1. With θ set to phi - 60°, apply the Karplus curve 6.51 cos²θ - 1.76 cosθ + 1.60 along region 244-261 and write out the HN-Hα couplings as whole Hz, x wherever there is a Gly or Pro.
2. Looking at P162, L84, L319, which one has the Cα that reaches farthest to the positive end of the dipole of the chain (charges on Cβ: Lys, Arg +1; Asp, Glu -1)?
3. Taking Cα atoms, how many degrees apart are the long axis of helix 306-315 and the longest axis of the chain, rounded to 10 and kept between 0 and 90?
4. Counting other C-beta atoms within 10 Å, and keeping those with at most 12, which DSSP coil chymotrypsin sites (Phe, Trp or Tyr not before Pro) do you find in region 88-137?
5. When the dipole is taken about the Cα centre of region 147-332, and only Lys, Arg (+1) and Asp, Glu (-1) are charged at their Cβ, what size is it in debye, to the nearest 20?
6. Over region 139-242, what is the mean sequence separation of C-alpha contacts under 8 Å (at least six apart), divided by residue count, expressed as relative contact order in percent?
7. Which label marks the calculated value of P(r) over Cα pairs in 10 Å bins from 0, in percent, given the options (1) 5, 24, 34, 25, 10, 1; (2) 5, 20, 24, 22, 18, 8, 2, 0; (3) 5, 23, 29, 22, 13, 5, 1, 0?
8. Tell me, V61, V7, V335 in order of fewest to most beta-carbon neighbours within 10 Å?
Amino acid sequence: MKILFDVAYLYYLPHFTPVLDELKAQGTELGIVFHSEPPATIKTQLASLAEIHIINEDDLVSFYITQNPDWIVFGHAAEIAEQLNSHCKTALILHGLGPKSAYYNASSSPIQYRFVESEHRTQTLQQLYPGKTFVTTGYTKLDPLVNGTSEHIDLANKGLVPGKKTILYSPTFYPSTIEKFPKNWPEQFSDYNILIKPHYLSLIKSAYKKQRELFEHWKNYPNVYLASPEEQSLLPFMATADLMISETSSALFEFMALNKPVIVGHFLKLRVGYWGFLKYRLQKRLSDDYRLFKEIGTNINHYHELKEAVENNLRNPKLFEQQRLKYIEQIVGTVDGHCSKRVAKFLLNN
């Protein structure tokens with residue numbers, strides 16, 4: 001059997017690699033298809049796992065038809081699936097958990113099968129798209145963390161202090177809190193290690209140049225480590241950190257699944273098109289899952305509330321624990337380290 005994985009962006013990889021590992025163990029012929037040249041270190045890491053292809057988006061359809069795979073697995077709502085479904089089967093492992101409405105809208109694409117994290121979300125999607133096929137498997141990305149195969153950040157090697165509590169700041173690219181943080185904020189948190197893991201798009205898109213300038217400034221502080229673009233997986237950062245700060249990002253749900261405290265920042269830098277009476281555009285980007293952020297951790301509306309929130313949660317890490325445990329099952333699904341096995345089994349048996 002031949003299975004290809006479509007990697008439009010590097011941040012899809014952590015969702016795919018646990019499945020690739022399972023399929024490799026079964027002797028499956030595997031291919032990873034990048035839309036642009038990935039970093040050399042990434043190619044080297046993946047070389048023993050699958051054949052690497054770099055294919056321009058305009059050439060994807062003809063490439064896939066020529067390859068004649070049994071399956072193509074996508075990480076986004078790929079419209080090209082409509083041209084491919086008569087040649088092979090197509091599946092979706094979406095690159096996140098929500099809460100943007102795109103999580104649900106992704107199933108309007110012509111991809112035939114979708115692997116879903118929880119039974120609750122499968123039921124919701126099935127009601128929205130009764131003609132589609134959904135398979136409940138759990139969240140593949142977390143398997144290495146649960147199984148203990150994910151690496152930790154070597155704090156001492158990064159110039160940080162292993163004895164200190166470690167904060168993970170993992171902002172999304174938009175809408176983001178990045179521009180609302182003071183330039184000297186690491187100085188105000190000098191008692192802590194700070195890991196900054198930006199979204200991949202913040203690091204590569206010209207629109208986010210100002211964000212990169214702030215990251216480069218912050219990394220000069222002795223208590224800060226800034227992830228490089230090659231460090232595309234959030235897993236080692238989540239494994240190492242005691243607490244996570246972000247916006248309404250699906251990464252918070254991932255960290256929540258480890259039953260660690262999260263802080264949700266609502267002091268966002270908005271484009272002009274989202275100001276005032278146009279703020280409805282922002283709400284349109286979000287699904288009903290947005291309300292869950294109010295319950296899984298400390299929500300703050302201004303940066304000046306952050307220090308107290310961090311100190312309070314690190315002193316009392318069981319704050320919001322009952323809510324976290326409740327929503328782990330509802331949003332993330334079964335966290336048992338076998339989600340990728342279930343995906344691999346379905347692909348191989350169908």
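Quick note: the coordinates plus some simple rules give every number you see, no bench work behind them. In this text the structure is predicted, and so the values were computed from the model without any measurement. So basically every Cβ, Gly included, is an ideal-geometry build from the backbone, and we count neighbours across all protein chains shown.
1. 10, 10, 7, 9, 6, 10, 5, 4, 5, 5, 5, 5, 4, 5, 8, 6, 10, x
2. The listed residue farthest towards the positive side: L319.
3. 80 degrees
4. For chymotrypsin sites (Phe, Trp or Tyr not before Pro) across region 88-137 that sit outside H, G, I, E and B with at most 12 neighbouring Cβ atoms in 10 Å, the list is empty.
5. Details: 25 positive and 20 negative charges, 140 e Å.
Magnitude of the dipole: close to 680 debye.
6. Here the relative contact order equals 38 percent.
7. (1)
8. Starting with the residue having the fewest Cβ neighbours, the order is V61, V335, V7.
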